[in-house]
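Right, one structure below, let's go through it.
Rule-based calculations on the coordinates, nothing more; no lab input. Given the structure is predicted, the values throughout are model-derived calculations rather than measurements. Glycine also receives a Cβ, built like all others from the backbone with ideal geometry; neighbour counts cover every protein chain displayed.
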Amino acid sequence: QVQLVESGGGLVQAGGSLRLSCAASGRTFSNYAVGWFRQAPGKEREFAAAIDWLGRSTAYADSVKGRFTISRDNAKNTVYLRINSLKPEDTAVYYCAADRWGSATIDPEKYEYWGQGTQVTVSS
């Protein structure tokens, strides 16, 4: 069992950058794959990025590839999502999710634990 808390969201100008954090409880966090998903107003939840439990493989949605970078620091029980060159269409609530012993999957159904989300708003 893990608890996830996202942070780092806020209001930024288009072209700016943010680093989101997903902090997890428990000594076994290093054994969890972590994915980032986002949900814009009136839209379905969509995959953004994921990293496996070893940090050896990552996956990105085509819409964010080249701008988003996912990383993890297991010693700090934290996964990060750095977002560069923010666009208004990046505006959404960003959620992190964890999958025990998992790989970097784009399927939200594979993730067992979810945080409450952090709001990212990008002004044009």
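Data for the structure
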| read-out | value |
| --- | --- |
| Neighbourhood net charge (15 Å Cβ-Cβ; Lys/Arg +1, Asp/Glu -1) for residue 92 | 0 |
| Pairwise Lys count, the chain - Cα closer than 21 Å, eight or more residues apart or different chains | 4 |
| Per-residue HN-Hα couplings for segment 59-72 [Karplus 6.51, -1.76, 1.60; θ = phi - 60°; Hz; x = Gly/Pro] | 9, 9, 5, 4, 5, 10, 4, x, 10, 9, 9, 9, 8, 9 |
| Per-residue HN-Hα couplings for segment 38-50 [Karplus 6.51, -1.76, 1.60; θ = phi - 60°; Hz; x = Gly/Pro] | 9, 9, 8, x, x, 10, 7, 4, 10, 6, 10, 7, 8 |
| Cβ-derived FRET efficiency at R0 22 Å, residue 74 paired with residue 40, nearest 0.05 | 0.15 |
| Translational diffusion coefficient (Stokes-Einstein; Kirkwood radius from C-alpha pairs) of the chain at 25 °C, 0.890 mPa s, in µm²/s | 175 µm²/s |
| Within segment 1-94, GluC sites (Glu not before Pro) in DSSP loop having at most 11 other beta-carbon neighbours inside 10 Å | 44 |
| Rg over Rh, two decimals, segment 68-124 (C-alpha only, Kirkwood Rh) | 0.99 |
| Chymotrypsin sites (Phe, Trp or Tyr not before Pro) restricted to DSSP loop in segment 12-109 with at most 16 other C-beta within 10 Å | 101 |
